[in-house]
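Okay, so here's the structure we're looking at.
Computed from the coordinates by the stated procedures, all read-outs in this text should not be read as laboratory data. Please read all numbers here as calculations on a predicted model, not as lab measurements. Cβ sites come from the backbone with ideal geometry, for glycine too, and all protein chains shown count toward neighbours.
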Amino acid sequence: MADARDTKMQENGSLVFFQHLIEKGKEPTITFVEKNAYPDMPAIWYYYYQLQGKALKSYLGGQKDYNYSRDKGIMPFLENIAATKMGVSVKDRWNPMDIVMVKKLKEDTIKKQVEKIAKKTTDKDAKLEELNLYMADLLKKKIMVPISLKGLTKKSTVAKLEEANLGGDKKSVEFRLKPGSIKCDLDMVNPPLFDTGEFSLRFFANKDEYALQIRSFRYSKPQTGPQTDITPKSGGAKLGKSSSQALEAFLKANGLARPPSPVQDPMIAVDGKFTETQIKFWVSLYNKLKNVRIAGSSVNWDLPLELGKQKSTFEKNLRFGLKNFEKDRNALGRITSKLHTLRQVEIYAKISQKRMFDEWLSTLYYAAKKEFGALNGPFIKIF
């Protein structure tokens, strides 16, 4: 996984490549990209830039005369306005843009209009909605183009480009669970580690298949809240992590509450010092859920369970893990993540009982794409 420094170089490499391609009409050399953005760039990244650039140039249809922004210019200007004047606490939940292109002759006028919107006396959400509408109009005219860059692979032969959050109805998409795909593995083949910390399933959006997983992405930190991540089965870029804002809105509208994070859950001790009451709670919850069906499918718990090479039960695995978690730095984090996923199984079952599971899949899908409401900003995605 790329760290922040790698990501910065990779995205600045895209910026430099785009600017040279769009403004000069030809691809920059590898040496140029390395000198101006990405020292010692892996050769595969130049190939990615070529695919990205071809998609972007086709989208722009010959337009040029842009400024290109990431670390300075209009992108941090927009981020600051959204954060300080419009209540945006996490930039990517509003707009996952990595680069912003803006017409050189329009940039000052756009900044003045954004500042005018920010100074209005309406509430923060109303100002953010107005900003999004303004940015959507600019994107439609290709005057200002926020770009979200998603990963390509060595097998990629073309980069795709999609517009997001430009208003209007979404394309008709039918969602359905892939039968038999729900899994919450409670094995402990290598004690004291649960085999995984996740709850997973697969679903279809029309004919396209996606893998969904809920887990902590930092097992070394037991207090870390699990996240919902969606990836196309065909490979390529993840859709992303589903925004909690969208999920909470759906659950609230259906009389349900989002499961608490491990650090907020009264039945989880993130220091590993579980009481007998807490342990019995999780054993009881598992017993309640082990035969549950979600959208017609049972949950695969990977029965019969194992503890090392011996047959076991969930209770035995949990107690062994809690007694021995100090032997592995990731053990307690897997336990807290796995217990949280039992809460998720419970919620998914309740949604299914309300016959709202397809609608839930739709919410998860668009929440991952950051396309779920008027508070999401417009952008194009190259993937």
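Charged neighbours of Gly321, selected by a Cβ distance under 12 Å, balance to +1 (K, R count +1; D, E count -1).
Distance from the Cα centroid of the stretch 118-141 to that of the stretch 304-330 is 52 Å (rounded to whole angstrom).
With R₀ fixed at 45 Å, the C-beta to C-beta distance from Ser220 to Asp137 puts the FRET efficiency at about 0.50.
The eigenvalues of the Cα gyration tensor, multiplied by 5 and square-rooted, give the stretch 65-142 an equivalent ellipsoid with semi-axes of 20, 14, 11 Å from largest to smallest.
Working from the Cα coordinates of the stretch 59-107, the gyration tensor eigenvalues give, after taking √(5λ), semi-axes of 23, 12, 8 Å in decreasing order.
For Ala136, the shell of other residues with beta-carbons less than 13 Å away shows a net charge of -2, using +1 for Lys and Arg and -1 for Asp and Glu. Once you sort the root eigenvalues of the Cα gyration tensor of the stretch 315-383 as a ≥ b ≥ c, which label holds: rounded (a/c under 1.5), prolate (a/b larger than b/c) or oblate (the other case)? Here the stretch 315-383 falls in the oblate category.
Under 10 Å, Cα contacts only: if you run a Gaussian network model on the chain, which one of Gln113, Gln50, Gln344 comes out with the highest mean-square fluctuation? Among Gln113, Gln50, Gln344, the largest GNM mean-square fluctuation belongs to Gln113. Can you bin the stretch 267-327 into rounded, prolate or oblate? Criterion: square roots of the alpha carbon gyration tensor eigenvalues sorted a ≥ b ≥ c, rounded for a/c under 1.5, prolate for a/b above b/c, oblate for the rest. Oblate, since a/c reaches 1.5 and b/c is not below a/b. Note on the chain: with a GNM built from Cα contacts shorter than 10 Å, the maximum mean-square fluctuation among Pro42, Pro259, Pro226 falls on Pro42.
Each residue of the stretch 111-125 was assigned a 3J(HN,Hα) from its phi angle through the Karplus curve 6.51 cos²θ - 1.76 cosθ + 1.60 (θ = phi - 60°); the sequence is 4, 5, 5, 5, 5, 5, 4, 5, 7, 5, 8, 5, 6, 4, 5 Hz, with glycine and proline shown as x. Can you tell me the orientation of helix 331-353 relative to the chain, as the angle in degrees between its alpha-carbon axis and the longest Cα principal axis, to the nearest 10? That helix lies at roughly 90 degrees to the long axis. Put simply, the C-alpha atoms of the stretch 260-374 give a gyration tensor, and the ellipsoid matching it has half-axes of 29, 18, 13 Å, longest first. When the chain is described by a simple charge dipole with +1 on each Lys and Arg Cβ and -1 on each Asp and Glu Cβ, the residue from Pro96, Asn317, Gly25 located farthest towards its positive end is Gly25. Couplings 3J(HN,Hα) of the stretch 136-145, computed from phi: 5, 5, 5, 5, 4, 8, 6, 7, 9, 10 Hz, in residue order, whole Hz [Karplus 6.51 cos²θ - 1.76 cosθ + 1.60, θ = phi - 60°; x for Gly and Pro]. Phi-derived couplings, Karplus 6.51 cos²θ - 1.76 cosθ + 1.60 at θ = phi - 60°, listed residue by residue for the stretch 283-298: 5, 5, 5, 4, 4, 6, 9, 5, 10, 5, 10, 10, 6, x, 10, 7 Hz, with x used for Gly and Pro.
Placing a label point 7 Å from the Cα of Gln63 along the Cα-to-Cβ direction, the residues of the stretch 343-383 whose backbone N falls under 17 Å from that point are 378-382. For the stretch 175-369, the relative contact order is 34 percent, taking Cα pairs closer than 8 Å that sit 6 or more residues apart in sequence and dividing their mean separation by the residue count. Using the crude model of +1 on Lys and Arg Cβ and -1 on Asp and Glu Cβ, and no other charge, please compute the dipole size for the stretch 175-369 relative to its Cα centre, in debye to 20. Using Cβ point charges on Lys, Arg, Asp and Glu, the stretch 175-369 gives about 140 debye.
For the chain, the longest principal axis of the alpha carbon atoms and the long axis of helix 74-85 meet at an angle near 50°. Mean projection of the Cα convex hull over all viewing directions, computed for the stretch 175-369: 10.6 nm².
From most to least packed by mean Cβ count within 10 Å, the peptides 89-102, 279-292 give 89-102, 279-292. Residue separation of Glu359 and Ile347 scaled by 0.36 nm, minus their Cα-Cα distance, works out to 2.9 nm of gained length. How much net charge surrounds Arg258 when only the other residues with a Cβ under 11 Å from the Cβ of Arg258 are counted, with Lys and Arg +1 and Asp and Glu -1? Combined, the nearby Lys, Arg, Asp and Glu give +1. For the residue pair Thr7 and Glu79, what label-to-label distance in nm results when each label sits 7 Å from Cα along the Cα-to-beta-carbon direction? Simple spin-label model gives 1.0 nm for this pair. Residues within the reach of a label modelled at Ser89 (point 7 angstrom out along Cα to beta-carbon, backbone nitrogen below 13 Å), restricted to the stretch 251-273: there are none.
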